[in-house]
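Engineer: Mind looking over this structure? Questions follow.
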Amino acid sequence: MITVGVVTHHSARVLPGLLDSLPGALAGVPDWRLAVADNASADGSVDLVRRRFPAATVVDLGGNRGYAAGVNACAAVDPRAALLLCNPDVRLRPGAVAALGAATGSGVGITVPRLEDADGRLAHSLRRRPTVTRALGEALLGGRRASRFAALSEVVADPAAYTGPSRSDWATGAVMLVTRECLEAVGGWDESFFLYSEETDFALRAADAGFSLRLVPDAEAVHVGGDAHTSPALWALLTANRVRLFARRAGALRGAAFWSAVVAGEALRAAGRGRSTATHRAALEVLLRQRRNILGGRCVDFSR
């Protein structure tokens, strides 16, 4: 049994593509249901779901409570089912879900598909465990150059990792199948992250509990995405939560070193030229202003 969980927030523009792809993607899966957790959408997202899938379970979260809260609401719809998480802006290829399900078991608690972007390019969605050295490598070399070296980047850029079954520490959460056994052992997604790093936290906690994450190349999906790289507010939240998660897991001393590496990287890019400087300036400001909250593992207060 599979619950297809979708968390929406003003998603009407991108949601039809996902909904259209579900019947083909779920071919060969006899028992599934659609659950949509809505974070106070005001653009007709919920009405769209109800028109396309009248039998869907729609959970009104009563406000914008964040992505992790939506995931937990979807997981609670059927306490027996595995959970297939899908961002509203993904399109699943035919047969993808059956392939993901077939790859679970034998310690594999999370499976993810091979992702492409809207232009058909491979998305490097696999990630290594964060370390201070990797944060420093990405800061000084930049993500693309650092990804050539496993010790210097979280991003797995080796094409071979995406052509055959491969395991990784975590993966971007655009599409992710989580077994019920894994959900029950690891517990709920951490709602304090609101948005970004919640999938990293869950995957690392799953690894702590003995479950591995596997990429299934026979399962494919397209992820339109990319808003975090153009929105200063979203990039600041992504960056702050990345550091906050590391500090919570690694302790104060290594957390401070990780923070310093990320600050250096954001400062270097904020001083440059181009369209991305505003996003890096916003992240740098939050990292400096909210240092105590971030290193203390507390939520970042954007109202100050």
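The values are calculated or read from the model by the stated rules, or taken from the named source; none is laboratory data. Note that the structure is a prediction, hence the values are computed from the model and not measured. Glycine also receives a Cβ, built like all others from the backbone with ideal geometry; neighbour counts cover every protein chain displayed. Areas reflect the complete protein model, heavy atoms only, side chains present, ligands, DNA and RNA absent. Shrake-Rupley method; radii C 1.70, N 1.55, O 1.52, S 1.80 Å.
Engineer: So if I check each of 145, 180, 121, 129, which one is under 24 Å from residue 241 (Cα atoms), basic (Lys, Arg) and under 20 Å from the mean Cα position of the chain (by Cα)? Walk me through how you get there before you give the answer.
Structural biologist: On the way: 145 fails: under 20 Å from the mean Cα position of the chain (by Cα); 180 fails: under 24 Å from residue 241 (Cα atoms); 121 fails: under 24 Å from residue 241 (Cα atoms).
That would be 129, the only listed residue that is under 24 Å from residue 241 (Cα atoms), basic (Lys, Arg) and under 20 Å from the mean Cα position of the chain (by Cα).
Engineer: Oh, and also: In segment 9-32, which residues are touching a Phe, Trp or Tyr at 6+ places or on another chain (Cβ under 9 Å) and either acidic (Asp, Glu) or outside any helix (DSSP H, G or I) (or both)? Walk me through it before giving the result.
Structural biologist: Filtering segment 9-32 for residues touching a Phe, Trp or Tyr at 6+ places or on another chain (Cβ under 9 Å) gives 9, 19, 22, 26.
Those that are touching a Phe, Trp or Tyr at 6+ places or on another chain (Cβ under 9 Å) and either acidic (Asp, Glu) or outside any helix (DSSP H, G or I) (or both): 9, 26.
Engineer: Quick check on segment 4-32: of everything there that is more than 18 Å from the chain's Cα centre (by Cα), open to solvent by less than 10 Å² (accessible area, probe 1.4 Å) and touching a residue at least 40 places away in the same chain (Cβ under 8 Å), which residue is farthest from residue 75 (Cα to Cα)?
Structural biologist: By that ranking, first place goes to 25.
Engineer: When you go through 35, 69, 42 one by one, which is the residue that is free of Cβ contacts under 8 Å to residues at least 60 places away in the same chain and either more than 22 Å from the chain's Cα centre (by Cα) or part of a helix (DSSP H, G or I) (or both)? Reasoning before the result, please.
Structural biologist: Working: 35 fails: either more than 22 Å from the chain's Cα centre (by Cα) or part of a helix (DSSP H, G or I) (or both); 69 fails: free of Cβ contacts under 8 Å to residues at least 60 places away in the same chain.
Answer to the selection: 42.
Engineer: Right, another one. Among the residues that make up segment 226-234, is at least one of them closer than 18 Å to residue 85 by Cβ, open to solvent by 30 Å² or more (accessible area, probe 1.4 Å) and either among the β-branched types (Val, Ile, Thr) or not in a strand (DSSP E or B) (or both)? Please lay out each step first, then the result.
Structural biologist: Let us first name the residues in segment 226-234 that are closer than 18 Å to residue 85 by Cβ, namely 227-228.
Those left that are additionally open to solvent by 30 Å² or more (accessible area, probe 1.4 Å): 227.
Still in the list and also either among the β-branched types (Val, Ile, Thr) or not in a strand (DSSP E or B) (or both): 227.
The answer is yes, given that some residue of segment 226-234 is closer than 18 Å to residue 85 by Cβ, open to solvent by 30 Å² or more (accessible area, probe 1.4 Å) and either among the β-branched types (Val, Ile, Thr) or not in a strand (DSSP E or B) (or both).
Engineer: Tally time: how many residues in segment 99-119 are modelled with pLDDT of 95 or more and either open to solvent by 40 Å² or more (accessible area, probe 1.4 Å) or of a type in the set (D, E, K, R) (or both)? Before the answer, list the steps.
Structural biologist: Going residue by residue through segment 99-119, those that are modelled with pLDDT of 95 or more are 99-104, 107-116.
Filter once more, keeping what is either open to solvent by 40 Å² or more (accessible area, probe 1.4 Å) or of a type in the set (D, E, K, R) (or both): 102, 104, 114, 116.
Result for segment 99-119: 4.
Engineer: Could you say which residue among 91, 134 is open to solvent by 30 Å² or more (accessible area, probe 1.4 Å) and farther than 20 Å from residue 269 by Cα?
Structural biologist: Values: 134 fails: farther than 20 Å from residue 269 by Cα.
Just a single option satisfies the conditions, and that option is 91.
Engineer: Sticking with this structure for a sec: Specify which of the listed residues (153, 125) is within 21 Å of residue 90 (Cα to Cα), at pLDDT 95 or above, crowded, with 19+ Cβ neighbours inside 10 Å and of a type in the set (S, T, N, Q). Give the steps one after another, and end with the answer.
Structural biologist: Details: 153 fails: within 21 Å of residue 90 (Cα to Cα).
When all the criteria are applied, what remains is 125.
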